[in-house]
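Input: a single structure, listed below in C-alpha cells.
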C-alpha cells in the first residue's frame, strides 16, 4: 500500500488540454474519489496515474517513487475497468490468476491465492466457468478479484459500477466499500455520480474542464464549496445561488440582500460588485416575521422532508424543510438563512470569498 | 390485422428455406461433382454423347496424371513380359508402357509451398501492420491506408510486364521466393484491411488490462489480441490462400521449369497424347483438396462467439 502524490500534472491531446496542472495527494489506505462531469479529465488523470497515458508535464509519485514516465507494468497497481475487460478467451480462474502468471509465480501458490480471493468475493462456485455467460455482478467480482489477487500498491477504478443497473449498484457500492475497509488498500475511484462519491469516499477531488476545482473530505466539500461549480455539482438539490450587487469589507459579517441584512461568517477578503450568496436548501428557514419573503412556486413531498421552491427578489431558490411545516403554492413566506453556513462567491470568477467559515478548508490546499 | 413478432418460423417456412438451400447447394456442387466423376471415367466415357451419368469407374485418369507413357509395338510388349503393377497393367491394354513419372507432383508441391508460404507471410505482415494502424498514432494513417488499398484498384495483371522485367533483372523469374513475394504483395492490402477491421473491434481495454497485469506490449498482443483476432485471421488466411492457390496468369507468365504451380500445368495435360479429360479432371480434383481441407480446419474459427459478452458495450 502506498501514498500517491500528483504534482502539476498536465495532459494535452494535440491542441486539446484534457488536464491542466492537477495537484493532490492520496494518503495511504484512503478511498479517494475523482469526481466530475464527463469530459472533465478525471479518467485521463486516473489513466496517467496507472501508466496508460503519459503526462505532458508534471510528476506522479506512488509510494514515494516517481513513476510519471514508467510503464504500467512497472508501477505495481491494479485497474478495474468500467467494461470489466475480462479476457474473453479464458475462464474465471484463468482471468484471476493472469496477473500472477506474469510474475512467474509457482502454480501451487497461484492456486492458493486464487482460492483465497474467490472466498473473499464469494465466487468459488464460478471459477471454472467462461466469463462470457456471467451476470454483471459476477463479472464485476471477477474484475475485482483480478485486481486484488496480486496485492498491488494501489487500486484504480474507472466507474466500476457504471455498467450495473441501479438496484445492483447500491449493493455493489456497499460491497466495494466493505472490501476496502477490510483490505485498507489505497483506492482511487473515478465517478460522475456525486452521491456515490459522497457515500463511499474518504476524500474527493472535484474536477471540471481539466481543472481541479476542490479537494477535501466529502463534508468539507459539501459545506464549504470552493467554487460555484462545486456548489452546484454536489448536493441534490444543489446549493441555491442568490445573485446581488453589494459589498463586503475585510472582517465584515453581514451583507445587504435587497434590503435585508443577512449575517454571514466574517469575511477574510473584501469585494464590491456582483456577488452570489450560496445557501444549501436545508439552511433556508421559514420565519414568519422576516421582511425577506418568497412566494411558494412548488412543493415536492419526500417523506420526512419536502422541497419547497420559492420565488425571491434574488431569483428562484429551493428549501428543504420538515414535511410537517406548512407551505402552500402561492403563499408568501418569510425567509431567513442559517448564518453559520453561508458562502459568498465572487459572481464573476465563481470563486468563494474566504471567510471565517471556510478558511480552514480553502487555505489548506 | 397483422402482427409482427420474433417467433420460430413455421414448419412450412422451414421446409421452404431448407429446399432453397438444397437447390443452391445442387447448383454450386454440380460442376464439382461432375469434375470429380470425370476423373474416374475412361477417356471414351468422358467424351461420350449423351453424357454418361453412370459409368465403369477406372483410375486411368489418375495414372495418366502422374505418369508419362510411350507407345510400343505388340512384339516389344510381348518381349517385356508380364506387367508387375496394377497401373502398368492398366496402360498396357492401350498398347502403352509407363515411361516415367509426370511433373504433376512436383507442380503440386510448388503450389503448396507458394500458396501456403505467401499466406503465412501475408498473415504475419498483415496482422502486424493492421495492429499498428489500429492502435498507434501513425502519421498520415488514412493516406497510408488508402495507398495500400489503391494497389488493388487495377487488376494486378495490368502490371505484368513491369513485374516480369523487374523479376528478370532481379533473378526472381521462375523461383519460389519470387512467386511467394508476388502473391504476398498482391494479397497484403486485402489482409491489412480485413485484419484492421477485426482488430478495431477488439476493445483496447483488454490490452490495457494485460499491460497493467504485468505484461509487455508484445505479450499483450500475442496473448490477448491474437486469440481474439483468430476469427479474422482465419478468414483472411482462407481468402489469401484461395487467391494464391488459384492464380493462373502470373504463374503462366513468370514460371516454367522450376517453380511452376499446378494451375498452369494442368491445361498442358490436354496436349499430351490426345485430349485426356479424365487426367485433367483428376488433376483438378486433387488440386481442390488442400483448400478444402484448410477451409474445413479453420471453419470453427469462422464462427464468432468467443468474444461475445465479456465486455459490456
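For this structure, a couple of remarks:
- Shape category assigned to chain B from the gyration tensor of Cα positions, a/c cut at 1.5: oblate
- Placing a pseudo-label 7 Å from each Cα along the Cα-to-Cβ vector at residue A:128 and residue B:164 gives an inter-label distance of 6.5 nm.
- Ellipsoid equivalent to the range B:139-202 - semi-axes via the Cα gyration tensor, in Å: 27, 14, 10
- Alpha carbon centroid spacing (whole Å) that separates the range B:53-80 from the range B:96-131: 29 Å
- Principal-axis analysis of the Cα atoms of chain A puts helix A:166-183 at an angle of about 70° to the longest axis.
- Here B:157, B:296, B:35 are placed in order of increasing Cβ neighbour count within 10 Å, fewest first, which gives B:296, B:157, B:35.
- Dividing the Cα radius of gyration of chain A by its Kirkwood radius returns 1.06 for Rg/Rh.
- The range B:203-224 and the range A:97-112 have Cα centres lying 17 Å from one another.
- Estimated translational diffusion coefficient (Stokes-Einstein, Kirkwood radius over Cα pairs, 20 °C, 1.002 mPa s) of the protein assembly as shown: 66 µm² per second.
- D_trans [Stokes-Einstein, Kirkwood Rh over alpha-carbon pairs] for the range A:236-362, 25 °C, 0.890 mPa s, µm² s⁻¹: 164 µm²/s
- Reference-scaled alpha-carbon Rg (2.2 N^0.38 Å with N residues) for the range B:95-195: 1.43
- With R₀ set to 60 Å, the beta-carbon distance separating residue B:29 from residue A:272 gives a calculated FRET efficiency near 0.05.
- Hull-based mean projected area of the range B:43-102, where the convex hull spans the alpha carbons, in square nanometres: 4.7 nm²
- For the range A:166-230 versus the range B:136-183, the gap between their alpha-carbon centres in whole angstrom: 57 Å
- Debye intensity ratio in log₁₀ form over the Cα atoms of the range A:93-227, taken at each q of 0.09, 0.15, 0.19 Å⁻¹: -0.32, -0.80, -1.12
Each reported figure results from applying straightforward, stated rules to the coordinates on display, with no laboratory input. What you see is a predicted model, and the numbers here were worked out from it, not measured in a lab. Please note: Cβ atoms are built from the backbone with ideal geometry, for glycine as well, and neighbour counts cover all protein chains shown.
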